[in-house]
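**Student:** Take this structure first; my questions come after.
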2 protein chains.
Amino acid sequence: MSEDRPLDVVVVGGGIIGLAIAWRASQAGMSVAVLERDLAAQGTSRVAAGMLAPVAEVEFGEAGRRQLELGLRSARTWPAFAAELEAQSGVCVGLMRTGTLLAARDDDDARELERQLDFRQSIGLAVRRLRPSEARELEPALAPTVRLALEAPDDHSVDPRQVLAALRRACGTAGVRLREHAPVARVELDRESAGGTGTDGPSGAVTGVTLQDGELISAGRLVLAAGPWSEQIEGLPAGAGVPVRPVKGQILRLRDPAGPGLLRRVLRFRGGYLVPRADGRYVLGATVEERGFELAPTAGGVYELLREARELVPGISELEIEELSVGLRPGTPDNAPVIGRGAVGGLVWATGHYRNGILLAPLTAELVAGVLADRDDPLLSACAPDRFVASTTVGAGA
Amino acid sequence: MSEDRPLDVVVVGGGIIGLAIAWRASQAGMSVAVLERDLAAQGTSRVAAGMLAPVAEVEFGEAGRRQLELGLRSARTWPAFAAELEAQSGVCVGLMRTGTLLAARDDDDARELERQLDFRQSIGLAVRRLRPSEARELEPALAPTVRLALEAPDDHSVDPRQVLAALRRACGTAGVRLREHAPVARVELDRESAGGTGTDGPSGAVTGVTLQDGELISAGRLVLAAGPWSEQIEGLPAGAGVPVRPVKGQILRLRDPAGPGLLRRVLRFRGGYLVPRADGRYVLGATVEERGFELAPTAGGVYELLREARELVPGISELEIEELSVGLRPGTPDNAPVIGRGAVGGLVWATGHYRNGILLAPLTAELVAGVLADRDDPLLSACAPDRFVASTTVGAGA
């Protein structure tokens, strides 16, 4: 890797976003390396439940609408992405096209679901209102106390751990060089060269990165896909960074010793969700906590997830707990992702995917591979890395 | 080990009971081997919380009184046992002499605690009644809703994992041979020799054991200290076994990132207990379930432990969950232990310690070492292995 000839692209971050980008860039004929601070596929992506749920996740307001557009397009991409990935890797990614139920446990929940239903129907999303008896017919494990449910028939799920295993293998086959335990200390810039895209932004262009052990890795393009750790990389001029913070999510992995069948669909409710796998395993998530880089599951977090889920699906009491884990979602000020050219030449951002990293991986890889080939998709304007700069500048009183 | 000269004693089971017996027998000059089916110190003893709580555990009735006598004597033995073990091993066993609180959350609990107080005082046990304000003065982390508490100032705790580490080392120093991954298939008997102690019991005398891989290990005495697995060993004549079953207990290990101080005393309540360690760690236990040899923590078990504990100590919500684990307590029909000579010559039982294996380890080791040296303590009559035989025979209609 330290040969004289620089790489076309260095991707920092070996999660689902980084690996998907590396795969696509390599397929497009570029020489690509992925640098991972720890072990690839062991961070946030591995903890994620794997919901592909743009309809269930959509939020009111302008940012919500922009997110919806990204989510719907990536969700439509998923089946072909999964099929290609499975064909190239030989690994099944566990795409389950069984739809999602949103369930209300009490009158407050039910009123909120009615509002959500109206909103989704007003923007043309496929959502169906289910009476309690209809919901329990679809999912008999639901408690008799369920008040109302919505069905989002097009919101599906994958198994992120399988996706990661498949991507890792596909990257290997495609010639991507993956270096683990290779934490990046700083971005190297050539300040003499042409400036970035921002008219007032700092100038310079990426020449590579320096690892924490001092090794220099030269590359013409640099993709920062390091999730919540993206901000820890030094060397960018002031104002060229993006604000991304860790948002802690605690998740339980459960297994039904009686095999599959308790739940068929993804189930979402106030305070959490239950995602079934095909083999009788379930993912119960997730807390949303602002606790910095704290990585331990807590008594309170686990208790609340179990309480909410048990109330709606009493049968989960019998499930075995196989794993407690914590993921750090990369959150931005508007919780929409940051994808596209940075303020210095050759720098491309791909982080801030918050709760939607698995859903948005295929689209992000496609968008970034486009940018690396100098083809910019109109959707990129919704994810512009410089959208926080103005407010930051104003906030600083400059 | 397969040399011609037989060992004086083979102990089956590398938990706290087996190791403590081996240590004491070796100190008395006997040649001793411990055979452990899996890894020593990794089963029930390792999961145990380590309460030394004869006063808190005492139950009404005849069996309860017998258990109390055993428990009080072993509790009195613990400080000297711990000191000797620490001196010989160099490992601190974490004996904390801070006493135990029994706390009531509601009127039902409070009425039950009053009954428990009367009972304990009637048999002369040291227990003090605390008003809610007094209890919260001792343990400010208690919820304001606490209704009543009892203090058992002489019920303490140790860290079983430290005790096991110390015993392992002390056994090594004392010359005990520990063989792990050595599951015993059957007891070998010499049917020509003198019979057992029971007048009507089956005759024969132990000559050793055969491992599952066929290896024969010769010994003059055999101690069965294999907890709930004790019944799985074959080769004993009909009627010479003891009824012992696994009783599942789920336990959480918690850690306070803020360090020690949340709780100083062991706290017991309906549905569980919290045992503090000196370093800010806590053990929250335990379910009591009849589920055979099932070893997985469940959503329902963990949920209920957290719910009960949180209600009384809301501050545990902030604690990290370091571990979920399951132990299989060896239970007998009256839940009292089985300690003493078996129905064939040379056979000694040491199992059935149920919820009190850590508490009773020093006394059990002392009693069994006595039996091996042909000195029988009067207390053994309370633990007689043949006490279930008559009822079994009657039950079988013979």
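The values are calculated or read from the model by the stated rules, or taken from the named source; none is laboratory data. None of the values given here were measured: they were computed from a predicted structure. Every residue, glycine as well, gets a Cβ built from its backbone with ideal geometry; the counts of neighbours run over all protein chains shown. These area figures cover heavy atoms from the full protein model, side chains too; ligands, DNA and RNA do not enter into them. Shrake-Rupley method; radii C 1.70, N 1.55, O 1.52, S 1.80 Å.
**Student:** Could you grab me the full set of residues in the range A:41-79 that are farther than 26 Å from A:LEU178 by Cα and among the small types (Gly, Ala, Ser)?
**Tutor:** A:ALA53, A:ALA56, A:GLY61, A:ALA63, A:GLY64, A:GLY71, A:ALA75 - these are the residues of the range A:41-79 that are farther than 26 Å from A:LEU178 by Cα and among the small types (Gly, Ala, Ser).
**Student:** Got a number for residues in the range A:308-320 being open to solvent by 10 Å² or more (accessible area, probe 1.4 Å) and touching a residue at least 24 places away in the same chain (Cβ under 8 Å)?
**Tutor:** Of the residues in the range A:308-320, the ones open to solvent by 10 Å² or more (accessible area, probe 1.4 Å) are A:308, A:310-311, A:314-315, A:317-318, A:320.
Retained after the next criterion (residues that are touching a residue at least 24 places away in the same chain (Cβ under 8 Å)): A:308, A:311, A:314-315, A:318, A:320.
Adding up the residues that qualify gives 6.
**Student:** Separate question: Against the condition of a type in the set (A, V, I, L, M, F, W, C), in a strand (DSSP E or B) and in contact with a helix residue (DSSP H, G or I) (Cβ under 7 Å, 6 or more places away or on another chain), how does B:VAL368 come out, does it pass? It would help to see each step written out before you state the result.
**Tutor:** Working: of a type in the set (A, V, I, L, M, F, W, C): yes; in a strand (DSSP E or B): no; in contact with a helix residue (DSSP H, G or I) (Cβ under 7 Å, 6 or more places away or on another chain): yes.
In short, no.
**Student:** Further question on the same structure: Going residue by residue through the range A:332-341, is there one that turns out to be within 14 Å of another protein chain (Cβ to nearest Cβ), open to solvent by 10 Å² or more (accessible area, probe 1.4 Å) and assigned to a strand (DSSP E or B)? It would help to see each step written out before you state the result.
**Tutor:** Taking the range A:332-341 and keeping what is within 14 Å of another protein chain (Cβ to nearest Cβ), we get none.
No, the range A:332-341 has no match at all.
**Student:** Being more than 25 Å from A:ALA41 (Cβ to Cβ), open to solvent by 10 Å² or more (accessible area, probe 1.4 Å) and within 13 Å of chain B (Cβ to nearest Cβ) is the requirement here; does A:ARG291 meet it?
**Tutor:** Numbers: more than 25 Å from A:ALA41 (Cβ to Cβ): no; open to solvent by 10 Å² or more (accessible area, probe 1.4 Å): yes; within 13 Å of chain B (Cβ to nearest Cβ): yes.
Considered against the rule, which asks whether it is more than 25 Å from A:ALA41 (Cβ to Cβ), open to solvent by 10 Å² or more (accessible area, probe 1.4 Å) and within 13 Å of chain B (Cβ to nearest Cβ), A:ARG291 comes out as no.
**Student:** Within the range B:294-325, work out how many residues are closer than 21 Å to A:ARG310 by Cα, facing chain A (nearest Cβ under 10 Å) and not in a loop (DSSP other than H, G, I, E, B).
**Tutor:** Result for the range B:294-325: 17.
**Student:** Also, I was wondering about something else. Can you confirm whether the range B:89-103 contains a residue that is farther than 18 Å from B:TYR282 by Cβ, at pLDDT 95 or above, of a type outside the set (A, V, I, L, M) and touching a Pro at 6+ places or on another chain (Cβ under 7 Å)?
**Tutor:** The answer is no; no qualifying residue exists.
**Student:** Regarding B:VAL283, is this residue of a type in the set (A, V, I, L, M), in a loop (DSSP other than H, G, I, E, B), open to solvent by less than 20 Å² (accessible area, probe 1.4 Å) and away from chain A (no Cβ under 12 Å)?
**Tutor:** Numbers: of a type in the set (A, V, I, L, M): yes; in a loop (DSSP other than H, G, I, E, B): no; open to solvent by less than 20 Å² (accessible area, probe 1.4 Å): yes; away from chain A (no Cβ under 12 Å): yes.
Considered against the rule, which asks whether it is of a type in the set (A, V, I, L, M), in a loop (DSSP other than H, G, I, E, B), open to solvent by less than 20 Å² (accessible area, probe 1.4 Å) and away from chain A (no Cβ under 12 Å), B:VAL283 comes out as no.
**Student:** I'd like to check something: does the range A:2-12 contain any residue that is in contact with a strand residue (DSSP E or B) (Cβ under 9 Å, 6 or more places away or on another chain), open to solvent by 10 Å² or more (accessible area, probe 1.4 Å), at pLDDT 95 or above and in a helix (DSSP H, G or I)?
**Tutor:** No: zero hits.
**Student:** Let me ask you something else. What number of residues within the range A:42-72 satisfy the criterion of being part of a loop (DSSP other than H, G, I, E, B) and without any contact (Cβ under 8 Å) to a residue 60 or more places away in the chain? Spell out how you get there, then give the answer.
**Tutor:** Applying the first criterion (part of a loop (DSSP other than H, G, I, E, B)) to the range A:42-72 yields A:42-43, A:48-50, A:53, A:58-61.
Now narrow it down to the ones that are without any contact (Cβ under 8 Å) to a residue 60 or more places away in the chain: A:42, A:59-61.
Count: 4.
**Student:** Something else: So, A:LEU274, is that one open to solvent by less than 10 Å² (accessible area, probe 1.4 Å), farther than 11 Å from A:VAL313 by Cβ and within 12 Å of chain B (Cβ to nearest Cβ) or not?
**Tutor:** Working: open to solvent by less than 10 Å² (accessible area, probe 1.4 Å): yes; farther than 11 Å from A:VAL313 by Cβ: no; within 12 Å of chain B (Cβ to nearest Cβ): yes.
For A:LEU274, the condition - open to solvent by less than 10 Å² (accessible area, probe 1.4 Å), farther than 11 Å from A:VAL313 by Cβ and within 12 Å of chain B (Cβ to nearest Cβ) - is not met.
**Student:** Shifting gears a bit: Taking the range A:118-147, which residues are open to solvent by 10 Å² or more (accessible area, probe 1.4 Å) and within 30 Å of A:GLU69 (Cβ to Cβ)? Quick ask: steps written out before the conclusion?
**Tutor:** Pass one, the range A:118-147, residues open to solvent by 10 Å² or more (accessible area, probe 1.4 Å): A:118-119, A:121-129, A:131-134, A:136-138, A:140-141, A:144-145, A:147.
Scanning the range A:118-147 gives A:ASP118, A:PHE119, A:GLN121, A:SER122, A:ILE123, A:GLY124, A:LEU125, A:ALA126, A:VAL127, A:ARG128, A:ARG129, A:LEU138.
**Student:** If you don't mind, another one. Just the residues that are over 19 Å from B:PRO276 (Cβ atoms), assigned to a loop (DSSP other than H, G, I, E, B) and of a type outside the set (D, E, K, R), please, taken from the range B:115-142.
**Tutor:** B:ILE123, B:GLY124, B:LEU125, B:ALA126, B:VAL127, listed by residue number.
**Student:** Moving to a separate point now. Just give me the residues in the range B:234-266 being closer than 30 Å to B:TYR282 by Cα, in contact with a Phe, Trp or Tyr (Cβ under 8 Å, 6 or more places away or on another chain) and of a type in the set (Val, Ile, Thr), in sequence order. Talk me through it step by step, then tell me what you get.
**Tutor:** Residues of the range B:234-266 that are closer than 30 Å to B:TYR282 by Cα, as a first pass: B:244-266.
Keeping just the survivors that are in contact with a Phe, Trp or Tyr (Cβ under 8 Å, 6 or more places away or on another chain) gives B:246-247, B:253-256, B:262-263, B:266.
Of everything in the range B:234-266, those that are closer than 30 Å to B:TYR282 by Cα, in contact with a Phe, Trp or Tyr (Cβ under 8 Å, 6 or more places away or on another chain) and of a type in the set (Val, Ile, Thr) turn out to be B:VAL247, B:VAL266.
**Student:** Quick check on the range B:33-52. Is at least one of its residues of a type outside the set (A, V, I, L, M, F, W, C), under 19 Å from B:ILE339 (Cα atoms) and out of contact with any helix residue (DSSP H, G or I) (no Cβ under 8 Å at 6 or more places or on another chain)?
**Tutor:** No.
**Student:** Does the range B:144-164 contain at least one residue that is more than 30 Å from B:TRP23 (Cα to Cα) and touching an Asp or Glu at 6+ places or on another chain (Cβ under 7 Å)?
**Tutor:** yes
**Student:** Test A:THR199 against the stated conditions and say whether it is over 24 Å from the mean Cα position of the chain (by Cα), modelled with pLDDT of 95 or more and surrounded by fewer than 23 Cβ atoms within 10 Å (Cβ to Cβ). If you could, list the steps in order and put the result at the bottom.
**Tutor:** Numbers: over 24 Å from the mean Cα position of the chain (by Cα): yes; modelled with pLDDT of 95 or more: no; surrounded by fewer than 23 Cβ atoms within 10 Å (Cβ to Cβ): yes.
Here the answer is no, as A:THR199 does not meet what is asked.
**Student:** Would the range A:317-327 turn up any residue that is polar (S, T, N, Q) and farther than 23 Å from A:ALA20 by Cβ? Can you show your working first?
**Tutor:** We begin by selecting, within the range A:317-327, every residue polar (S, T, N, Q); these are A:317, A:325.
Keeping just the survivors that are farther than 23 Å from A:ALA20 by Cβ gives A:317.
Looking through the range A:317-327, at least one residue is polar (S, T, N, Q) and farther than 23 Å from A:ALA20 by Cβ.
**Student:** Looking at the range B:205-257, what strands (runs of 3 or more DSSP E) fall wholly within it and have at least 1 residues that are surrounded by 22 or more Cβ atoms within 10 Å (Cβ to Cβ) and within 14 Å of chain A (Cβ to nearest Cβ)? Spell out how you get there, then give the answer.
**Tutor:** Numbers: elements: B:205-211, B:216-224, B:245-255.
Those strands (runs of 3 or more DSSP E) span B:245-255.
**Student:** Please work out which residue is nearest to the chain's Cα centre (by Cα), limiting yourself to the range A:354-389 and to residues that are hydroxyl-bearing (Ser, Thr, Tyr) and open to solvent by 20 Å² or more (accessible area, probe 1.4 Å). Before you say what the answer is, go through the steps one by one.
**Tutor:** Residues of the range A:354-389 hydroxyl-bearing (Ser, Thr, Tyr): A:354, A:364, A:381.
So of that shortlist, the ones also open to solvent by 20 Å² or more (accessible area, probe 1.4 Å) come out as A:354, A:381.
Working: A:TYR354: 6, A:SER381: 19 Å.
The residue in question is A:TYR354.
**Student:** Here's something else I'd like to know. Can you tell me which residue within the range B:81-107, out of those that are in contact (Cβ under 8 Å) with a residue 60 or more places away in the chain, out of contact with any helix residue (DSSP H, G or I) (no Cβ under 7 Å at 6 or more places or on another chain) and not in a loop (DSSP other than H, G, I, E, B), is surrounded by the most Cβ atoms within 10 Å (Cβ to Cβ)?
**Tutor:** B:ALA82
**Student:** Moving to a separate point now. Kindly list the number of the only condition in (1) within 23 Å of the chain's Cα centre (by Cα); (2) modelled with pLDDT of 95 or more; (3) on the phi > 0 side of the Ramachandran plot; (4) not aliphatic (A, V, I, L, M) that fails for B:GLY280.
**Tutor:** Answer for B:GLY280: the failing condition is (1).
**Student:** How many residues does the range B:223-246 contain that are at positive phi and among the β-branched types (Val, Ile, Thr)?
**Tutor:** Initial filter on the range B:223-246 (at positive phi): B:227, B:235, B:239.
Next, from what is left, pick out any that are among the β-branched types (Val, Ile, Thr): none.
Final tally of qualifying residues: 0.
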